[in-house]
Amino acid sequence: MKILLTALFCLCLCLPAFADQQTTVLTEQTTVGKASASLPFIDGSNDIVSEKQANALIRTAASKLIKEVGGQGSVSYKVLLNRPSLVALQLEAANGGRKAYAGLNIDLTTGKEFGVTDFFVDNDSVKAALGAYDNVLFGEQGLYLRSEKGGEYKTLVPYREVVGSMRIGEAGRLLQLAKVTANAAGKTVTLPESGLLALKLDSNPSTGYGWELSCASPAVSKVGSSFTIPSSNDTRVGVPGVEILVLAVTQPGTYQVRMDYKRSWEKLSLQSFSFTVVAK
């Protein structure tokens, strides 16, 4: 019993290390109607019901796709996005010289497809960048577009071009964020492909103070913020906490960023620091 309890304890300690791993996508050699197929098969997720729904979606999409090329031939796939709870797949059906493509953006927490408006605000800038939302497939570095139904997803729109319209509460599921604190003062941070940076800074809004961003370039902007109070037994109003600011960089380059902790109606800052941001 002691050995069993020790083993279970060790397992519990190890499980968090797997929490942020990519989704397991197996390849299943099968047939779809009269066509041979290499289909993606989702396995090992935390929700078995949603996993089954996701695999059913894939099978249904493959069945519809093969009909577009005459009901025979072959089906293959590419994984364009792989996150712990999100997968984007491009299916290709081929029969001689005929080809057709289908895209699936699958949310493994629901077993259903997700779309552009689940992660981005539906505004003019997003529409201008992406066009028809039903022709968008999510990828690792950006969003893939196609010009016609059944066509291949070829055109890439980098995430940084639309990151200013992202629903920040969902950003962590889709994109990588660089995370820094005031210790970044005088240093350089290189951003991931997303162009997103999360700043975690001590703050107390009840005093009227808050963090303000300043940068000479309009390519750097604040796209979201929140305030949290660390767990404690102190329930008094006005308890200090942590302000989280999400910055977006929409163009490659090197930028000098200054953060000031001040009241909006005052010129002087109680605290300030600067750092360098590199977006490639």
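Here, each number is a calculation from the coordinates, and none is a lab measurement. This structure is a prediction, so every number in the text was calculated from the model and none was measured. All Cβ positions, glycine included, derive from the backbone under ideal geometry; neighbour counts span all protein chains shown.
Structure above, values below:
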{"quantity": "Relative contact order of the chain, pairs being alpha-carbon contacts under 8 Å that are 6 or more residues apart, as %", "calculated": "12 percent"}
{"quantity": "Exposure proxy order (Cβ contacts within 10 Å, fewest to most) of Asp260, Asp124", "calculated": "Asp124, Asp260"}
{"quantity": "Sequence-distant aspartates and glutamates (8 or more away, or on other chains) whose Cα lies within less than 18 Å of Lys34", "calculated": "Glu68, Glu92"}
{"quantity": "Exposure proxy ranking, count of Cβ atoms within 10 Å, fewest first, for Tyr261, Tyr153", "calculated": "Tyr261, Tyr153"}
{"quantity": "On Cα atoms only, tilt of 2-18 relative to the major axis of the chain in degrees", "calculated": "90 degrees"}
{"quantity": "Cα long-axis angle, helix 48-67 against the chain (0 to 90 degrees, to the nearest 10)", "calculated": "50 degrees"}
{"quantity": "For the stretch 113-239: lysine pairs under 15 Å (alpha-carbon distance), excluding those fewer than 8 apart on one chain", "calculated": "4"}
{"quantity": "Mean Cα-pair separation over length for the stretch 180-280, i.e. relative contact order, pairs under 8 Å, 6 or more apart, %", "calculated": "38 percent"}
